[in-house]
Amino acid sequence: MKKSEPIQTRISVRLTPKASSNAITDYAGGIVSMRITAPPIEGAANAACCEFLAEALGVRKSQVSLVSGAKSRSKVLLVTELPADESERRLTQLSEKRRSAERSSAE
């Protein structure tokens, strides 16, 4: 009997470190724009990015890991045990909530 392939989703992230707060600022074109308060020193921003994305998606921290972009603002993260369509739904929902909050605060 063949073992089934593990569920894995790759998520592209555009990260802004040393921000005033942690936030997902946008999700468009398959890329998550994210701000993190941690500085880009000794992997602190990378770790914070993985932790914050895990929290935002509602998964364990151990399910999110950095695949590429350790020294770049553009990163690819791997999320295990979360199907791609579900991660996309959750990220879209978070982005729409943020846009809605920005519109209501601007009025």
For Ser12, indicate whether it is exposed (fewer than 11 other Cβ atoms within 10 Å of the Cβ) and either in contact (Cβ under 8 Å) with a residue 12 or more places away in the chain or among the hydroxyl-bearing types (Ser, Thr, Tyr) (or both).
no
Residue by residue through segment 1-20, note down the ones that are farther than 23 Å from Glu86 by Cα and modelled with pLDDT of 95 or more.
Thr16, Pro17, Lys18, Ala19, Ser20
Single residue of segment 31-87 satisfying the filter (part of a loop (DSSP other than H, G, I, E, B) and of a type in the set (Ser, Thr, Tyr)) that is surrounded by the fewest Cβ atoms within 10 Å (Cβ to Cβ):
Ser72
Out of segment 50-68, which residues are more than 12 Å from Ile11 (Cα to Cα) and not charged (D, E, K, R)?
Phe52, Ala56, Gly58, Val59, Ser62, Gln63
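So how many residues does segment 43-101 have that are among the basic types (Lys, Arg), in contact (Cβ under 8 Å) with a residue 40 or more places away in the chain and out of contact with any Ser or Thr (no Cβ under 9 Å at 6 or more places or on another chain)?
0
The values are calculated or read from the model by the stated rules, or taken from the named source; none is laboratory data. Since we're looking at a predicted model, the values are computed, not measured. When we count neighbours, we look across all protein chains shown, and the Cβ atoms used for this are built from the backbone with ideal geometry, even at glycine.
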